[in-house]
1. Scan segment 383-401 residue by residue and report those that are open to solvent by 10 Å² or more (accessible area, probe 1.4 Å) and either touching a strand residue (DSSP E or B) at 6+ places or on another chain (Cβ under 6 Å) or among the aromatic types (Phe, Trp, Tyr) (or both).
2. Any residue that is assigned to a helix (DSSP H, G or I), buried (at least 24 other Cβ atoms within 10 Å of the Cβ), touching a Ser or Thr at 6+ places or on another chain (Cβ under 9 Å) and among the charged types (D, E, K, R) - is there at least one of those in segment 273-280?
3. Of a type outside the set (Lys, Arg), open to solvent by 30 Å² or more (accessible area, probe 1.4 Å) and more than 30 Å from residue 272 (Cα to Cα): does that describe residue 370?
4. Could you tell me whether residue 266 is part of a helix (DSSP H, G or I), in contact (Cβ under 8 Å) with a residue 24 or more places away in the chain and touching a helix residue (DSSP H, G or I) at 6+ places or on another chain (Cβ under 9 Å)?
5. Give segment 158-196 a look and list any residue that's of a type in the set (Asp, Glu), farther than 16 Å from residue 76 by Cβ and either in contact (Cβ under 8 Å) with a residue 60 or more places away in the chain or touching a His at 6+ places or on another chain (Cβ under 7 Å) (or both), or say none.
6. Go through segment 282-367 and tell me which helices (runs of 4 or more DSSP H), entirely inside it, have 3 or more residues that are open to solvent by less than 10 Å² (accessible area, probe 1.4 Å) and farther than 26 Å from residue 407 by Cα.
7. For segment 93-185, please list each of the helices (runs of 4 or more DSSP H) lying entirely inside it that holds at least 1 residues being over 30 Å from residue 351 (Cα atoms) and open to solvent by 60 Å² or more (accessible area, probe 1.4 Å).
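The values are calculated or read from the model by the stated rules, or taken from the named source; none is laboratory data. Note that the coordinates shown come from a computational prediction; the quantities given were computed from them, not determined experimentally. Don't worry about glycine lacking a Cβ; one is built from the backbone with ideal geometry, like all the others, and counts go over all protein chains shown. Ligands, DNA and RNA are stripped out before the accessible areas are found, and what is left, the full protein with its side chains, is counted by its heavy atoms. Shrake-Rupley method; radii C 1.70, N 1.55, O 1.52, S 1.80 Å.
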Amino acid sequence: MNRVTPVLATALGALVLAALPARAADTGGSGAHLAHRESYGTKATYEPGQSARSYQRPPAGFTPVLTESVSRHGSRSASDGEDADLILALWDKAEAAGQLTRKGREFGPKVRALQAAMAKIGYGNLSGRGKEEIQDTAVRTAERLPSLFARIARDGEKIDVVSSGQVRATDSADLYAGALAEADPALAPLIGATRTDKDLLYFHKADGGAAYRDYLANDRRLADTLAKITDRPRTHQAADSVLRRLFQDAFVARLSSADRVAAARAVYNLYAIAPAMSEESPGGEGWGMQRYLSTADAAWFGYLSDAEDFYEKGPGFADSDITYKMADVLLDDFFRKAEAERSGTGTLGAELRFTHAEEIIPLAALLGLPGSTEPVTAARPYTYASNPWRGASVAPLASNIQWDVYEKNGRFLVRMLYNEQETSFKAACTPIAQGSTFYDLDELERCFGRG
């Protein structure tokens with residue numbers, strides 16, 4: 001079930017480039033989509049960032065006493081059928097008028113098949129690939145920390161499982177827990193039933209996100225910035241390029257500029273979600289949606305998607321923390337679980353949380369994780385050239401942040417994995433030794449201003 005791990009080449013998380021082949025998501029088995037991974041934005045499918053064989057060993061004598069994580073749900077179908085409905089309505093008109101190109105004639109049936117596959121599993125629900133992503137991550141966690149899970153089973157410690165309450169997050173939680181129990185049946189009676197905590201794992205829609213929701217709805221600077229980014233000549237050029245692959249020039253010319261952009265973005269959205277649905281494709285070979293956008297056009301629409309996520313969920317504007325401050329409730333929970341273990345009041349061996357991009361992205365900014373450290377100003381807006389933030393590396397489907405807590409003679413260390421890649425805490429935090437990925441819990445409390 002485990003996939004081949006790609007090599008990540010990141011400069012502060014700027015760009016994910018896969019140097020080794022992985023199972024193709026939507027390329028007929030070639031894996032070539034990974035060369036353009038960033039064009040999928042936060043719909044990029046998951047691959048672990050590092051082989052566990054290359055993880056640093058803990059200092060001598062330190063043993064794992066707790067692991068805790070927060071994971072985005074696995075790959076899923078589209079949230080609804082609007083994109084397919086929009087482009088198919090246009091396709092039907094073009095077909096009736098004899099205005100389809102050669103690629104356009106094959107496009108309609110392919111979209112209808114993809115739409116049917118998504119409707120079959122349910123819009124917004126986990127796909128076959130998404131289920132495997134979550135189960136594989138659970139198996140790798142068990143393999144990474146065999147002594148911890150043996151201790152949990154021996155001492156009867158609890159494994160707490162909590163979700164946002166949304167179906168895809170709860171399903172992910174249940175699948176992860178099930179995979180752990182399958183890996184070691186002795187864990188099964190110790191894994192609690194998945195519980196819901198909306199304040200913790202759906203905070204953008206909970207009471208703590210009220211100010212944030214007001215920002216999305218009413219902030220004039222946000223609206224103006226996104227409008228300025230989107231309404232560029234390049235957007236209209238890309239839209240025309242996409243549509244002319246499918247429809248005759250005369251048909252495209254009759255559409256308004258706004259309708260062209262909306263239709264092209266619908267094509268892009270289907271392109272972006274198709275890898276997540278690879279196992280539901282005929283023969284499991286992928287949907288081939290990359291045939292209908294050039295690499296350059298996919299990259300442009302990927303940038304527009306990333307820009308929206310950057311300003312609405314990520315580092316955003318330099319003079320405001322409205323997009324990520326609310327993630328403090330989740331960071332606080334990470335600290336509280338580790339501190340309870342240190343104080344001897346903890347009863348857990350593992351804390352497993354399951355959520356959404358709307359929570360992972362702000363938490364990454366709050367933690368100062370690679371790629372999420374640079375907000376922008378009006379004078380220097382978000383561009384790929386000037387900012388390392390990429391949705392495909394910050395919060396792909398099934399993305400995760402994990403803390404492994406180690407102890408020796410009352411001293412507690414924390415090692416963080418980000419998408420299963422060993423990751424340093426922010427620069428203000430000092431590791432136990434230069435180049436180490438292990439940090440004293442006391443030091444993390446200091447540099448994050450706790451207590």
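1. Within segment 383-401, just 384 meets the criteria.
2. No; the residues of segment 273-280 include none that is assigned to a helix (DSSP H, G or I), buried (at least 24 other Cβ atoms within 10 Å of the Cβ), touching a Ser or Thr at 6+ places or on another chain (Cβ under 9 Å) and among the charged types (D, E, K, R).
3. no
4. The answer is yes for residue 266.
5. Within segment 158-196, 160 is the sole residue that qualifies.
6. 295-313, 357-367
7. So the answer is 102-121.
This table checks each residue for (1) open to solvent by 50 Å² or more (accessible area, probe 1.4 Å); (2) at pLDDT 50 or above; (3) in contact with a strand residue (DSSP E or B) (Cβ under 8 Å, 6 or more places away or on another chain); (4) not in a strand (DSSP E or B).
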{"position": "16", "(1), (2), (3), (4)": "no, no, no, yes"}
{"position": "49", "(1), (2), (3), (4)": "no, yes, yes, yes"}
{"position": "66", "(1), (2), (3), (4)": "no, yes, yes, no"}
{"position": "74", "(1), (2), (3), (4)": "no, yes, yes, yes"}
